[in-house]
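J.: Here's a structure for you.
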Amino acid sequence: MPRHEETRHLPYSADQMYDLVADVASYDQFLPWVVAVRVRSQGETEMVADLIVGFKALREQFTSRVVKHRPDRVSVDYLDGPLKYLHNEWHFRDLPAGGCEIEFCVDFAFRSGLFNQIAGSMFDRALRKMIGAFEARADELYGAQSPRASSFDGDSSSSANSTA
């Protein structure tokens, strides 16, 4: 089952990155493969949302609970859809020299062993594309700031473990 953990340093504040990640309703505007979002319920600390993910002719709906711990954490837990499970964590921390540190972890499994094998072989590439989309969205919303503290191919610490 694919699992990925990564730490990034970005030139934005922890509050800015928290706001970007917690704005699930906007994911279809910038995340690859997210073709629609429907927020079922939303409160100050919790939301339930459906994401419709599509690639070519394939479309799947995922329902997740998003728990928001302002200002330092967003947790996502899978409720319904084609997966066996999904858990996603974002942690945000301002850095003394400016910018912030983001710790990101995603762990999931498909119900189908075949899909797990396929996902394992493509997981790293797809995840990097999605993380890059969050970074590009931050640049768009908050202004590209140079030099970037680290790029997604840069000096971050990351680890990925894919098993089927």
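J.: GluC sites (Glu not before Pro), restricted to segment 24-74: which are DSSP loop and have at most 16 other Cβ atoms within 10 Å?
T.: Glu44
J.: Related question: Residue by residue through segment 25-39, which ³J(HN,Hα) values in whole Hz follow from phi under the Karplus form 6.51 cos²θ - 1.76 cosθ + 1.60 (θ = phi - 60°), with glycine and proline marked x?
T.: These are the phi-based 3J(HN,Hα) values: 4, 9, 4, 5, 7, 9, 7, x, 6, 8, 9, 7, 9, 10, 8 Hz.
J.: Sticking with this one: Pairs of Cα atoms under 8 Å, at least six residues apart: use those to get the relative contact order of segment 1-101, whole percent.
T.: Taking the mean separation of contacting Cα pairs over the length of segment 1-101, I get 27 percent.
J.: Give the accessible surface of segment 1-62 per residue, rounded to a whole number of Å², with probe radius 1.4 Å and ligands, DNA and RNA excluded.
T.: In whole numbers, segment 1-62 has 51 Å² accessible per residue.
J.: Can you give the local net charge around Val35? Use residues other than it whose beta-carbon is closer than 13 angstrom to its beta-carbon, Lys and Arg +1, Asp and Glu -1.
T.: Value of the local net charge: 0.
J.: Another one. How far apart, in nanometres, would the label points at Glu60 and Gln29 be if each is projected 7 angstrom from Cα along the Cα-to-Cβ direction?
T.: Simple spin-label model gives 2.7 nm for this pair.
J.: Need one word for segment 6-51: rounded, prolate or oblate. Basis is the Cα gyration tensor (sqrt eigenvalues a ≥ b ≥ c); a/c below 1.5 gives rounded, then a/b vs b/c decides.
T.: Note, shape of segment 6-51 comes out oblate.
J.: Roughly how many percent of the accessible protein surface of segment 1-58 is carbon and sulfur, given a 1.4 Å probe and a whole-percent answer?
T.: The nonpolar share, carbon plus sulfur, comes to 52 percent.
J.: Where in segment 55-84 is the amide nitrogen less than 19 Å from a point lying 7 Å along the Cα-to-Cβ axis of Val39?
T.: 62-79
J.: Return an integer: the convex hull volume of the alpha-carbon atoms of segment 28-139, in Å³ per residue.
T.: Cα-based convex hull of segment 28-139, divided per residue, equals 115 Å³.
J.: Aspartates and glutamates near Lys68 by alpha-carbon distance under 16 Å, same-chain residues fewer than 8 away left out - which ones?
T.: Excluding near neighbours in sequence, the set is Asp15, Asp19, Asp23, Glu44, Glu46, Asp77, Glu89, Glu103.
J.: Here's something else I'd like to know. Apply the Karplus parameterisation 6.51 cos²θ - 1.76 cosθ + 1.60, with θ equal to phi minus 60°, to every residue of segment 122-135 and state each ³J(HN,Hα) to the nearest whole Hz, in sequence, with x for glycine and proline.
T.: Values, residue by residue: 10, 4, 4, 5, 5, 5, 4, 5, 5, 5, x, 5, 5, 5 Hz.
J.: Given the whole protein assembly as supplied and a 1.4 Å probe, what does the accessible area of Met130 come to in Å², nearest 10?
T.: Number for this one is 60 Å².
J.: Reachable lysines from Lys56, Cα under 22 Å, same-chain residues fewer than 8 places away excluded?
T.: Lys129
J.: Using θ = phi - 60° and the Karplus curve 6.51 cos²θ - 1.76 cosθ + 1.60, what whole-Hz ³J(HN,Hα) does each residue of segment 55-66 get, with Gly and Pro shown as x?
T.: Coupling constants for segment 55-66: 9, 6, 8, 7, 9, 9, 10, 10, 10, 9, 9, 10 Hz.
J.: Excluding residues on the same chain fewer than 8 positions from Lys84, give the aspartates and glutamates whose Cα lies under 20 Å from its Cα.
T.: Result set, ordered by chain and number: Glu5, Asp50, Glu60, Asp107, Asp124.
J.: Fully extended, how many nm does the chain gain between Met122 and Arg70 (0.36 nm per residue separation, minus their Cα-Cα distance)?
T.: Gain on extension, Met122 to Arg70, equals 15.5 nm.
The values are calculated or read from the model by the stated rules, or taken from the named source; none is laboratory data. The structure presented is a predicted model; accordingly, all values stated were derived computationally and were not measured. Glycine also receives a Cβ, built like all others from the backbone with ideal geometry; neighbour counts cover every protein chain displayed. Please note that ligands, DNA and RNA were not included when accessible areas were found on the heavy atoms of the full protein model with its side chains. Shrake-Rupley method; radii C 1.70, N 1.55, O 1.52, S 1.80 Å.
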